[in-house]
Amino acid sequence: MTKFLQISLAPISLAPISLAPISLAPILLALVLLAMNGVGFAPPAIGETLGDALRNAYSNNPSLNSGRANLRAVDEGVPIARAGMRPRVSVNSYLGAQQNRFVQRQEDLGIPDDPNRTTVWNLQEGRSVARSAGVTIEQPIFDGFKAKNTMSAAESAVFAERQRLRFLEQKVLFDTAAAYMNVLRDTAALKLQENNVSVLTEQLRQTKERFEAGQITLTDTAQAQSRLAGGQAQESASRAMLEASIGVFRQLVGQLPKKLAAAAPLDKLLPRTLDEAERIAVSEHPMILAALHDADASDFDIKSIESDFLPKLSIVADVFTQTNINTIYDRNIAGMIGGRLNIPLYDGGSTSAQLRQAKEIAGKKKLDADVARAEIASLTRATWANLQSAKTRIGTAQTQIAAAERALYGVREEAKAGLRTTLEILNAQQELLNARIALIVAQRERVVASYGLMASIGRLSIENLGVASDYYEPTHHFNQVKDSWGGGATSTGR
C-alpha cells in the first residue's frame, strides 16, 4: 500500500543545493518524494500515526463528548414519557399554633320582661397546636393513549439523536484526518520553501560573481534579488500556514503533533463504483436516517396531541388526619378512594391549533428527509470526483516534476553558453518548486478524499477504521435509564 507524506516534525538540517550545472540532485526532493512513495525512508521508530490521532480525537474531542452528553439527555425523554402512566404520590402537612376564644350568651329562665332578670356569659379560652397530614395517591387508568404515543415519539427522538451523534463522529474523524494530513503537507511545503530560499541565496551569490566578472548586467542581479525576497516571503507564509494547521490539530486531537508517520488512503474500504457509493450513501448515511426518525417522531406527536381530545380517567386515594383545626381538642381521621374523570369540551381552540401545527411540522420532516437524500447524493458524487481527480493529479505532478528537472538542467547548460538569461533560470527553478508542491498537495488530497468519500457514504466510523477498542456504545446509557423509576445519579454511558 502506498504511503503518503511520510515526514517528521523534528527539525531537519538542509544544506543549500549547489547550482553547478551537473549537481541537480536536490536533497529535499529525495526526502519528501521518496517518503511519499513509501521507499527510501522508513517510518520513525517512535511517532504518531494517523490511527493514533483518530483514536485520541475519538476519546478526547470536546465536541464529540458534548454530543454524547446531549444524547444522554435525549435518552431521558423516554422515562419522562413512561412516567405519564405511573402513580403519583404526594404528602401534604400543616403545623401551626392557634388561640381559640369562645363566648356564649345565656339568659336566666324567669318571667319574661322581668326587670330583675340577668344575662349570663359563658367564656372559654385556650391555646392549641393545629396540625394535619395527608397522603394522596393518584393512578392514571386511561389518558387517551397520550403517554404511549409520547413514549414512542421520545424513542424515535433517541434514534434520531444517535444518528446525529454518528454524523458528528464522522465529522470529527474526517476533520482529524484532514488536520493530520495538513500538518504533513505544510511541513513538507515549508521544507521545500526553506530549500528554495537556500537555492535562491546561492543563485544570487553566483549572479553577483558573474556581474563582477562583466558576464551579465545589473538587471540580472536585481532579478535574482527580487526572486530571493519573494522566496523568503513564501517561506514565512508557509511557516504561518503550518502553525495554523498545528493549532487545528491540537484543537481536534487534544495535543500537539509529534513525529507524524506516513498515512495511506482507505482504498480497501471504498466502494468500487460511483453507483455503488450513491446506493450505500442514501441507505446508510446518518443524516438521512436521522431525518427519517424525526419524521416518525413527528407522527407520534400528532397522535399525542389528538389524545387531548379524549377523556382522562384515574383512581385517587386520600388518607388524612386533622387535629385542632376547627376547635380545640377536635380530631378527624379519614380516608377516601374514588375515580376522577375529566372530559375535555372546549379549550378555546388551543389544542386544535397545536394539532394543525404538528401536522405541518410532520410534513416538513418528511420533506427534510428528501432534502437530506438529495444533498447526500450530491455530496457523494462530489467526493468521488475529488478522489479520482487526486489520483490523476498525483501522476501528472510526478510527470511535471521530471520534465521540470530536465528543463532546469537544460536552461542552466544553455545559460553557460550565453543562450539563456538569469530570469529564465529563475523561472525554471520556480516551475520545479511549484511542481513539487503540487505533488505534495495531490498526495494530501488523495488521502483526505478517501476519508471524505467514506464519510459521504456514512461508513467513516472508528469501528470500520479499526483504530480503537474502547467504543462508546450509546445503547448502554439508554438501557440504564429507560425503565428508571427514580434517582438522580447520572452515567457516562460507557
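Every read-out reported here was derived from the displayed coordinates using simple, explicitly stated rules and does not represent laboratory data. Values in this document were obtained by computation on a predicted structure and should not be read as measured data. Methodologically, a virtual Cβ is constructed for each residue, glycine included, from the backbone with ideal geometry; neighbour enumeration extends over all protein chains shown.
Candidate cross-link partners of Lys359 among the aspartates and glutamates, defined by an alpha-carbon separation under 20 Å and a same-chain spacing of 8 or more, comprise Glu155, Asp294, Asp296, Asp299, Asp301, Glu306, Asp308, Asp347, Asp368, Asp370. Cβ crowding within 10 Å, taken as a proxy for footprinting-reagent exposure, orders Tyr472, Tyr94 from fewest neighbours to most as Tyr94, Tyr472.
Grab the other residues whose beta carbon is less than 12 angstrom from that of Gln225, score K and R as +1, D and E as -1, and report the net. Local net charge: +2.
For segment 418-433, 3J(HN,Hα) computed residue by residue from phi via the Karplus equation (6.51, -1.76, 1.60; θ = phi - 60°) reads x, 8, 10, 9, 4, 4, 5, 5, 4, 5, 5, 5, 5, 5, 5, 4 Hz, glycine and proline entered as x.
Summing charges over neighbours of Ser389, with a neighbour being any other residue whose Cβ is under 12 Å away from its Cβ, gives +2 when K and R count +1 and D and E count -1.
Based on the reciprocal of the average 1/r between different C-alpha atoms, the Kirkwood radius for segment 177-296 equals 19.0 Å.
Take every Cα pair under 8 Å in segment 355-458 that's 6+ residues apart, average their separations, divide by the length, and report that relative contact order as a whole percent.
Details: 63 pairs, mean separation 43.1, N = 104.
It rounds to 41 percent for segment 355-458.
Debye-formula intensities of segment 258-360, expressed as log10 I(q)/I(0) at q = 0.10, 0.12, 0.16 Å⁻¹, are -0.69, -0.78, -0.93 (one equal scatterer per alpha-carbon, no solvent).
Past the 17 angstrom mark, what percentage of all C-alpha to C-alpha distances in segment 346-427 do you count? Mind showing how you got there, number by number?
On the way: 2423 of 3321 pairs.
When all Cα pairs of segment 346-427 are counted, 73 percent exceed 17 Å.
Can you pick out the pairs among Lys312/Lys365; Lys148/Lys312; Lys191/Lys258 whose Cα atoms lie more than 21 Å from each other? Numbers along the way, then the final one.
Numbers: Lys312/Lys365 30 Å; Lys148/Lys312 14 Å; Lys191/Lys258 17 Å.
The pairs that break the limit, which is 21 Å between Cα atoms, are Lys312/Lys365.
Based on alpha carbons, the Rg and Dmax found for segment 375-494 are 26.6, 93 Å.
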